[in-house]
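The values are calculated or read from the model by the stated rules, or taken from the named source; none is laboratory data. Just so you know, these numbers come straight off a predicted model, no measurement behind them. Quick reminder, even Gly has a Cβ in these numbers, built from the backbone with ideal geometry, and neighbours come from all protein chains shown.
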Amino acid sequence: MMPMLQNRMPWIPFALLTLLVLAACGSNPGPTDTDPPTVISVFPQDGYHGFKRGQAITIGFSEPMDAAATEGAFQLLDSAGAPVAVSFSWEDEGRRLVAAPVDPVAYSADASYTNYRLLLSTGAKDKAGNPLAQGLDVTFSTLRRVTATLTSEAIDGMVFSGSSHLTYDDLDHIWVGDRDTNRCVYGYFSFALTGLPEDLEEVYDARFFAYATGVEGTPYNDLGGWLLLDHVDYGDSLDGSDFDLAPLSDPDNNPETLQASDGWSTGWFVVGNLQRWLQGDLDAGRNRIQLRYRFADCTDGDGSHDTLHLTSAESSSNQPYLEVDYLVP
């Protein structure tokens with residue numbers, strides 16, 4: 001038995017040596033990450049104008065970040081310097097931070113800028129604990145609310161019912177109602193949109209102002225009780241065919257008609273909240289918003305005047321106009 005043991009002994013030192021080498025290789029640590037992370041992208045950038053409600057701040061990093069440390073180093077301040085609450089999420093395997101304001105950001109109430117300030121300190125760290133190489137200090141602004149006044153175009157006027165559809169677009173007055181001939185008459189108004197800026201983001205409000213010099217008869221009592229306002233499109237000129245023009249339709253295919261008044265007879269009268277109509281014209285590529293006044297009933301057939309008298313674009317004073325509040329960067 002001893003000879004067999006002696007033959008195996010030379011292999012033992014070799015096996016032990018192999019195990020020692022393998023153990024030594026396994027204990028060597030890998031290279032240590034000592035490179036600081038950097039910001040490679042940010043939205044919005046410093047000086048950006050036009051940040052919108054519903055948008056989020058995004059910051060891209062050169063490597064995956066420690067979420068807790070980076071979120072703790074983030075601040076969003078409003079124009080008064082007060083902290084703004086945000087909700088955080090991460091994308092691109094921890095390389096992109098998304099910060100969404102919890103409440104809608106404030107828009108400027110006029111042409112001045114409402115600024116927000118984004119701060120990210122060097123307390124932001126990567127997964128290895130390296131602090132951010134350089135912090136962020138970004139100032140940006142939200143949308144501004146600007147008001148424009150659009151005067152009525154000279155293609156406003158009135159169109160009568162009947163086979164001839166008498167049309168007048170060059171007088172200093174517009175009638176709405178019916179006449180002693182039992183023909184009813186509609187009033188038309190047109191406002192060019194070409195003066196609005198190309199960078200308009202959204203129509204916030206639109207208000208139609210018209211001026212009445214008086215009434216003849218009792219149009220509200222005799223013609224259905226309501227003065228109606230239609231959103232129409234009669235193009236570059238007014239003619240007899242526009243009497244039968246159907247109102248435009250909203251996205252749900254409902255006619256764009258409003259009950260404007262049940263008693264207005266003199267002075268200024270305003271119909272507001274027409275922003276959807278105006279925005280629809282812009283979206284459709286139309287360069288005007290056009291409106292029509294008419295009473296609910298065409299005529300009562302009594303052979304007497306029942307009309308509301310309005311001024312037109314050709315009037316020497318108190319011409320109709322449209323006020324538009326819109327949002328721009």
Result of the Cβ filter at 8 Å on segment 138-167, keeping first residues that are outside the structural domain of P44 (by TED's automatic domain parsing) and free of Cβ contacts under 8 Å to residues at least 40 places away in the same chain and partners that are among the small types (G, A, S) and not in a loop (DSSP other than H, G, I, E, B), at least 6 apart or interchain, is M158/G187
Flagged in segment 158-179 as of a type outside the set (A, V, I, L, M) and under 16 Å from D244 (Cβ atoms), in numbering order, are F160, S161, G162, S163, S164, H165, T167
Can you tell me which residue is farthest from S161 (Cα to Cα) among those in segment 235-262 that are of a type in the set (D, E) and assigned to a helix (DSSP H, G or I)? D242
Could you please let me know if Q55 is surrounded by fewer than 16 Cβ atoms within 10 Å (Cβ to Cβ), within 17 Å of D103 (Cα to Cα) and under 22 Å from the mean Cα position of the chain (by Cα)? yes
Residue match in segment 277-297 (condition: crowded, with 17+ Cβ neighbours inside 10 Å, part of a loop (DSSP other than H, G, I, E, B) and out of contact with any helix residue (DSSP H, G or I) (no Cβ under 7 Å at 6 or more places or on another chain)): yes
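One line per residue, one yes/no per condition, for (1) closer than 30 Å to E71 by Cα; (2) modelled with pLDDT under 50; (3) assigned by TED's automatic domain parsing to the domain that holds K127; (4) of a type outside the set (K, R):
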| position | (1), (2), (3), (4) |
| --- | --- |
| L5 | no, yes, no, yes |
| V21 | no, yes, no, yes |
| G26 | no, no, no, yes |
| P31 | yes, no, no, yes |
| A56 | yes, no, yes, yes |
| I59 | yes, no, yes, yes |
How many residues does segment 79-112 contain that are surrounded by 17 or more Cβ atoms within 10 Å (Cβ to Cβ), of a type outside the set (G, A, S) and within 18 Å of L143 (Cα to Cα)? 4
What number of residues in segment 205-225 are part of a loop (DSSP other than H, G, I, E, B) and either under 19 Å from V159 (Cα atoms) or touching a His at 6+ places or on another chain (Cβ under 8 Å) (or both)? 2
